[in-house]
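Structure first, then comments.
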Amino acid sequence: MAVTLCQVMGFVLGLLGLGGLIAATGMDMWSTEDLYDNPVTSVYSYAGLWRSCVRQSSGFTECRPYFTILGLPGLFQGVRALMIVGIVLGAIGVLIAIFALKCLRMGNMEDRVKATMTLTSGVMFVIAGICGIAGVSIFANLIVTNFALTSYTSAGLGMVGSGLVGSPLTPRYTFGSALFVGWVGGGVLFVGGVMLCLACRGLMPEKHYEGTAYKPATQSAIYRSEGYPKTYNSSYKAQSMDGRPSNQKFDYV
């Protein structure tokens, strides 16, 4: 019962974690504009993995997708790749975990096969959770680096170009809600994978070795050898060619 509960809980957590990764990947608020000490409040901008949006105070929102791939930073593309890999591995793990549930009977599937499938789905969940957490953490590191650079230049220590960079009008971006959804989803997916790996050990059938008990012979045991009485004649009478008995005798020594 405990093994089945652990397996079902791991499957449910993996399913919820996969949903969190999908939601985080599709959300636009990976980085949101920091309105602290920002004199311009009529325009609010935020960006995601696939497009950037601008929302005005009137409620009108305009989003523009990224029309280029090669023009994006390498780390940004790496975050995309990690999230997609995490989603694909999580989806495959969910499909395998469905057929590996102990409470479902699929034909004549043995418990050993289900244990192997449970372990496989658990490992996929763990890798998918690590990919999701790594992708979100890399993007958060980019935000922290840009935020620190913008704060450093806004103090008047680095005027660049037309003066927008390093001026109070330079927008600073902070963590968006999608980052927290991705962290939670990756963590839940990781925990679900660990629970499935633990349930795999309980699903393995125990090995029983069948043997025969050895009983030593007692002193009262009597061993008898069966023999057939043999009588030997001192002579043997041969038969003639026509089948009649002959008086000729052969002595055997």
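Taking the Cβ of LEU142 as the center, what net charge do the other residues with Cβ under 14 Å away carry, scoring Lys and Arg +1 and Asp and Glu -1?
+2
Across the stretch 88-95, in residue order, what do the Karplus-derived ³J(HN,Hα) couplings come to in whole Hz, using 6.51 cos²θ - 1.76 cosθ + 1.60 with θ = phi - 60° and x for Gly and Pro?
5, 5, x, 5, 5, x, 5, 5
Could you calculate the FRET efficiency of LEU5 with VAL123 from 1/(1 + (r/R0)^6), where r is the beta carbon distance between them and R0 is 25 Å, rounded to 0.05?
With a Förster radius of 25 Å, E is 0.75.
Percent of accessible area on the stretch 1-107 owned by carbon and sulfur, 1.4 Å probe?
Roughly 71 percent, rounded to a whole number.
With N set to the number of residues, divide the alpha-carbon radius of gyration of the stretch 43-121 by 2.2 N^0.38 Å and report two decimals.
In units of the 2.2 N^0.38 Å rule of thumb, it is 1.85.
Nearest 0.05, what FRET efficiency do ARG51 and ASN141 give at R0 = 35 Å with Cβ-Cβ as r?
Here the calculated transfer efficiency is 0.95.
First select every other residue whose beta carbon is under 9 angstrom from the beta carbon of CYS53; then total the charges, Lys and Arg +1, Asp and Glu -1.
Every neighbour counted, the sum reads +1.
How much length, in nm to one decimal, is gained on full extension between LEU16 and SER42, taken as 0.36 nm per residue of separation minus their Cα-Cα distance?
Separation in residues times 0.36 nm, less the Cα-Cα distance, equals 5.7 nm.
Using the per-residue mean of other Cβ atoms lying within 10 Å as a proxy for protection, in what order, highest first, do the peptides 42-55, 123-136, 68-81, 188-201 fall?
Those peptides, ordered most packed to least, come out 123-136, 188-201, 42-55, 68-81.
Amide H to amide H, which residues 5 or more places from TYR173 or on other chains are under 5 Å from it, using H placed in the peptide plane?
ASP34
Apply the Karplus parameterisation 6.51 cos²θ - 1.76 cosθ + 1.60, with θ equal to phi minus 60°, to every residue of the stretch 52-63 and state each ³J(HN,Hα) to the nearest whole Hz, in sequence, with x for glycine and proline.
10, 10, 10, 10, 8, 5, 6, x, 7, 10, 10, 10
The values are calculated or read from the model by the stated rules, or taken from the named source; none is laboratory data. These figures come from a predicted structure and were not determined experimentally. Because the Cβ atoms are built from the backbone with ideal geometry, glycine has one as well, and the counts that use them run over all protein chains shown. Accessible surface is based on the protein model in full, side chains and every heavy atom, while ligands, DNA and RNA are left aside. Shrake-Rupley method; radii C 1.70, N 1.55, O 1.52, S 1.80 Å.
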